[in-house]
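A.B. asks: The structure is given below, and queries will be raised subsequently.
Where a number appears in this text, it was derived from the coordinates with a stated rule and is not lab data. If you're wondering where the values come from, they're calculated on a predicted model, not measured in any experiment. Because the Cβ atoms are built from the backbone with ideal geometry, glycine has one as well, and the counts that use them run over all protein chains shown.
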2 protein chains.
Amino acid sequence: MRWRSSIPDGIAIEPGKISALVDAFAAFGPLPGGGVSRLCASPADGAARDRLTALLREAGAEIRIDPIGNQFGLFRLSGPEGADRPPVMMGSHLDSQARAGRVDGTLGVVAAFEIGCRLMEARRRGHLFARDFCVANWTNEEGARFRPSLLGSGVFTGVHSMATALDSRDDDGIRLSEALAAIGYLGVDPAPPPPFCYLELHAEQGEVLEAANQRIGLVTRNWGAAKLDFLFEGEQAHTGPTPMARRRDALLAAARTICEVRSLAQGRPGQLHTSVGRIVVSPNSSNVVADRVEVTAELRSPDDAILVEAEAAAQAAIRDAAAQAQVDLTLVGRTLRKARDMPRHVVSFLTQCAQAAAQPVMPMETVAGHDALSFIGVRPTGLVFVPSIGGVAHNEAEATRPADMDAGAFLLLEAAFRLCAETAPFSSEVDMELQP
Amino acid sequence: MRWRSSIPDGIAIEPGKISALVDAFAAFGPLPGGGVSRLCASPADGAARDRLTALLREAGAEIRIDPIGNQFGLFRLSGPEGADRPPVMMGSHLDSQARAGRVDGTLGVVAAFEIGCRLMEARRRGHLFARDFCVANWTNEEGARFRPSLLGSGVFTGVHSMATALDSRDDDGIRLSEALAAIGYLGVDPAPPPPFCYLELHAEQGEVLEAANQRIGLVTRNWGAAKLDFLFEGEQAHTGPTPMARRRDALLAAARTICEVRSLAQGRPGQLHTSVGRIVVSPNSSNVVADRVEVTAELRSPDDAILVEAEAAAQAAIRDAAAQAQVDLTLVGRTLRKARDMPRHVVSFLTQCAQAAAQPVMPMETVAGHDALSFIGVRPTGLVFVPSIGGVAHNEAEATRPADMDAGAFLLLEAAFRLCAETAPFSSEVDMELQP
């Protein structure tokens, strides 16, 4: 039983189909270099969501938009008893960075959609299911326009409160609630019930699979991440006559911080990644000493002890930079997400599915956070990676080979048939002993 | 003769009048803290220009808007022979930094306007003039929205070409020509002829006068300035999985540059001022390695040897920062303005005017560049400073005492009567031997 596929004869994912769907969604927020610009709740995001709604509806799914704009397509596969059981859920996100590749979260959404279509096809042919299947497109995974990232999935699983999330503002002061309303996605539907299991397919966005010449990665552990938002406040002054000693230069404090945060990662490959990618400077004129600079710093590590130590060092460096530049410092926000293992029973289950599909897999860590992370400790969850060519991510050149996309989606199709069957491969209860 | 005022009896500047005019203009682009936001060719700048036009017209001046948007108000004081002679010109600029004080260039414009009014009043009373008087409001002095600074006055005196200036773009890619057209100030009038002499009243924007307890500064020398615009180009990447050693982080290069440029000025008070006030980061997202960062660095010195050496050191530091961060470097623009003395005969003349007005004056240097600088070596020019309270500038809190404004304007009124008289105090030809 364990080594046989649960996918009925005649049901398959057409080669190249997933890639074609990814390409079709690249028409929403297209960029000249082949990538997309689809910030959360932008008009381009709205258009992509509309397209997903149309596809789901055409495939026979029931559409729900919850109050944080998460978009669900519920495929009614089971009979009346099945409707009372938690559905199996798969998905990811259609939002992107400001200048991004076309794969990223789109892959997981369109793969889930295609799997829903194949499950419905099997049902039409008489296949019996014990559970329904739900496609999810989560709001603001990226954290590019609104912070924090993984916002919609985090609200769904209770990590974030709905009110705080809706009140999150972009750099122009626009609230997420306003932005969602503007594109027609400030929903009023109830979210589906907590799923039996959540699975996500995603591009690796690193170079581990490619370097190992592997097609499928099973994520066993998520790196921890510390994110610090802080504000330096000095004093606007003329860059000409103002004596150097009197200047209170917020940009100088930010520059010192960026250098120090980077140096923390020196000589710790695979142990600590640090970065500053965002800085908002005011008034940002060549002949005015900046009085106000916001900075977001990130530290990531697979080892909580290293992460905690590095965060303390970063905070000390930020305070020193502020003191040296004679500016005031405010810590605006701080999130510390410890490193977490994926539930082992889901990893084991996915390994069995891979065996049934005769698909070699590679256990691996994820440095980047994905929506599946919001489910750890709440519902059984799994995350499957396919290779990013050259490890390129958050870049217009991001790409994954079509055959690799097919292989990833096929593995999740196998999982879907098993999870929606009468005899579930594991209990829907989270085994808390397996959690760190 | 030398010690007697040339201002006819009964002609005076009403105490507080200049300050009231400055306050009236603070209504255009008002900020909550009492300052103004009046970027060049913005709607607020357009409204301020319209107000100046209305005031000048009401006072009997002839309005001209030249093709770079410089705004002139020509007071016809003389007879037919006078109209053929170069006018005496005074002015400054109404544009401001994004978050600025209300005094800055507005003071010099409204003082020139008030002087024009008083000259017209004298003419109506029968006073005879040999030359006309012209008020000037120069386009884009600040260099905040369009670069370089001193643009309109520089086009007027031939420092910049009209075509290049009109093609200058703001950070949104809008051309100066388009922005001027949008507010109705892409003029078609011929500029007035090169003036007999150009004089400007300006707030000091430093703390020298206040520290010396002086009311009037006569500028004898302009600090030199080197301005470097450069672009770091790395590669967009995910701040999570991308190995640190592989990152090509343009923001890191910019941060190192900012620190290094600042350190050049260490221990050289009064000899070298350095700054970076402007940085444009793309895509500027917390979880994306920035691939494109523009930086503008400034170095200022009263000593050309120090300036040249510091600029070379800055360029070397920028190259090192690019190499360390593995990013490409493009020097987009470079201007080197050497330190220059103001024409001594104009300084002597203004000293005589001050003696006639029984007004003590203090010879001083200017670190900041002002429109008068565009005239050095082209026409006789002079620059008069009044104190900035606390040395505060490019800041909403910028202020000058009303009585100090009056004293500065009164000195220039004395100068205007002398310069517009039949017997000019000096030749209109620039004495090139006096130039460095």
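A.B. asks: Considering all projection directions equally, how large on average is the shadow of the alpha-carbon convex hull of the protein assembly as shown, in square nanometres?
C.D. replies: Computing the convex hull of the Cα atoms and averaging its projections yields 37.9 nm².
A.B. asks: Ok, one more. Place the label 7 angstrom along Cα→C-beta at A:A12 and in each other copy, then list the distances from the first to the rest in nm, shortest first.
C.D. replies: Result for A:A12, in nm, nearest copy first: 10.2.
A.B. asks: On to the next question. Please give every one of the lysines within straight-line cross-link reach of A:K338, meaning a C-alpha to C-alpha distance under 25 Å, and leave out same-chain neighbours fewer than 8 residues apart.
C.D. replies: Cross-link targets: A:K227.
A.B. asks: So who's got an amide H within less than 5 Å of the one on A:F75, skipping anything under 5 residues away but keeping other chains? H placed 1.01 Å off N, in plane.
C.D. replies: Under 5 Å from the amide H of A:F75 lie the amide H atoms of A:E62, A:F133, A:C134, A:V135, each far enough along the sequence or on another chain.
A.B. asks: Tell me, how many Å apart are the Cα centres for the stretch B:86-117 and for the stretch B:1-78?
C.D. replies: So the two Cα centres are separated by 6 Å.
A.B. asks: How far is helix B:43-58 tilted, in degrees, relative to the longest principal axis of the Cα atoms in chain B, given as a value from 0 to 90 rounded to the nearest 10?
C.D. replies: Computed tilt is about 10 degrees.
A.B. asks: Compute the Rg/Rh shape ratio of the stretch B:123-239: radius of gyration over Kirkwood radius, all on alpha-carbon atoms.
C.D. replies: Looking at the stretch B:123-239, the ratio lands at 1.09.
A.B. asks: Using only the alpha-carbon atoms, how far is helix B:304-324 inclined from the longest principal axis of chain B? Give it as 0 to 90 degrees, nearest 10.
C.D. replies: Value to nearest ten degrees: 30.
A.B. asks: Taking the alpha-carbon centroid of each part, what is the distance from the stretch A:245-272 to the stretch A:302-320 in angstrom?
C.D. replies: 12
A.B. asks: Quick check on chain B: helices-only [θ] at 222 nm, where DSSP H runs of length 4 and up contribute -39,500 (n - 2.57) each and the sum goes over total residues. Nearest 500, please.
C.D. replies: -10000 deg cm²/dmol
A.B. asks: Then there is this: Could you work out the longest stretch of chain A that avoids the chymotrypsin sites (Phe, Trp or Tyr not before Pro) located in DSSP loops with at most 16 other Cβ atoms within 10 Å?
C.D. replies: A:4-425
A.B. asks: I've got another one for you. Hey, if you drop one equal point scatterer on each alpha-carbon of the stretch B:68-142 and run the Debye formula without solvent, what base-10 log of I(q)/I(0) do you get at q = 0.16, 0.18, 0.22 Å⁻¹?
C.D. replies: -0.60, -0.71, -0.92
A.B. asks: Would you mind estimating how fast the stretch A:179-237 diffuses translationally, via Stokes-Einstein at 4 °C and 1.567 mPa s with the Kirkwood radius over Cα pairs, in µm²/s?
C.D. replies: The calculation lands on 73 µm²/s.
A.B. asks: Right, next: Could you give the longest part of chain A that holds none of the GluC sites (Glu not before Pro) found in DSSP loops with at most 12 neighbouring Cβ atoms within 10 Å?
C.D. replies: A:1-421
A.B. asks: Using label points projected 7 Å from each Cα along Cα→Cβ, tell me how many nm separate A:A54 and A:D23, to one decimal.
C.D. replies: Reported label-point gap for A:A54 and A:D23 is 1.9 nm.
A.B. asks: Using the beta-carbon distance between A:L331 and A:V378 and R0 = 25 Å, what value does 1/(1 + (r/R0)^6) give for FRET efficiency, to the nearest 0.05?
C.D. replies: 0.30
A.B. asks: Return the Cα extents of the stretch B:182-320 along principal axes one, two and three, sorted largest first, each rounded to a whole Å.
C.D. replies: Result, largest extent first: 65, 48, 27 Å.
A.B. asks: Can you give the net charge of the other residues whose Cβ lies under 9 Å from the Cβ of B:A237, counting K and R as +1 and D and E as -1?
C.D. replies: Net charge around B:A237: 0.
A.B. asks: Taking the simple approach of a point 7 Å from Cα along Cα-to-Cβ for both B:A163 and A:M362, what is their distance in nm?
C.D. replies: Modelled inter-label distance: 5.7 nm.
A.B. asks: Given labels modelled 7 Å from the Cα in the Cβ direction, how far is it in nm from B:D189 to B:F426?
C.D. replies: 2.8
A.B. asks: Round to the nearest 10 and give me the degree value, 0 to 90, for the angle of helix B:104-124's Cα axis relative to the longest principal axis of chain B.
C.D. replies: Taking Cα atoms only, the helix is inclined about 20 degrees.
A.B. asks: Using only alpha-carbon positions, what ratio does the radius of gyration of the stretch A:287-436 give when scaled by 2.2 N^0.38 Å?
C.D. replies: Normalised by 2.2 N^0.38 Å, the Cα Rg of the stretch A:287-436 equals 1.44.
A.B. asks: Using alpha carbons only, how many angstrom separate the centre of the stretch B:156-197 from the centre of the stretch A:159-227?
C.D. replies: Value for the Cα centre distance between the two parts: 49 Å.
A.B. asks: Over the stretch A:262-350, with a single point scatterer placed on each C-alpha, what log10 of the ratio I(q)/I(0) does the Debye formula yield at q = 0.20, 0.24 1/Å?
C.D. replies: -1.04, -1.26
A.B. asks: May I pose another question? Using a Förster distance of 45 Å, how high is the FRET efficiency between A:R246 and B:A83, based on the Cβ-Cβ distance and rounded to 0.05?
C.D. replies: In this case the efficiency is close to 0.35.
A.B. asks: For the stretch A:11-24, in order, what is each residue's ³J(HN,Hα) by Karplus, 6.51 cos²θ - 1.76 cosθ + 1.60 with θ = phi - 60°, in whole Hz (x at glycine and Pro)?
C.D. replies: 9, 7, 9, 4, x, x, 5, 5, 4, 5, 5, 4, 4, 4
A.B. asks: Still on this structure: Using θ = phi - 60° and the Karplus curve 6.51 cos²θ - 1.76 cosθ + 1.60, what whole-Hz ³J(HN,Hα) does each residue of the stretch B:194-209 get, with Gly and Pro shown as x?
C.D. replies: x, x, 4, 6, 10, 10, 9, 9, 8, 5, 5, 6, x, 10, 5, 4
A.B. asks: Please express the Cα-Cα pair-distance distribution P(r) of chain B as a list of whole percents, one per 10 Å bin, running from 0 to the bin with the greatest distance.
C.D. replies: The distribution over chain B is 5, 21, 30, 25, 12, 5, 2, 0, 0, given as percents.
A.B. asks: Multiplying the sequence separation of B:A181 and B:A323 by 0.36 nm and subtracting their Cα-Cα distance, what value in nm do you get?
C.D. replies: Between B:A181 and B:A323, full extension yields an extra 46.9 nm.
A.B. asks: While we're looking at this one, here's another question. What number comes out for the charge environment of B:A83, summing +1 per Lys or Arg and -1 per Asp or Glu over other residues with Cβ under 12 Å away?
C.D. replies: -1
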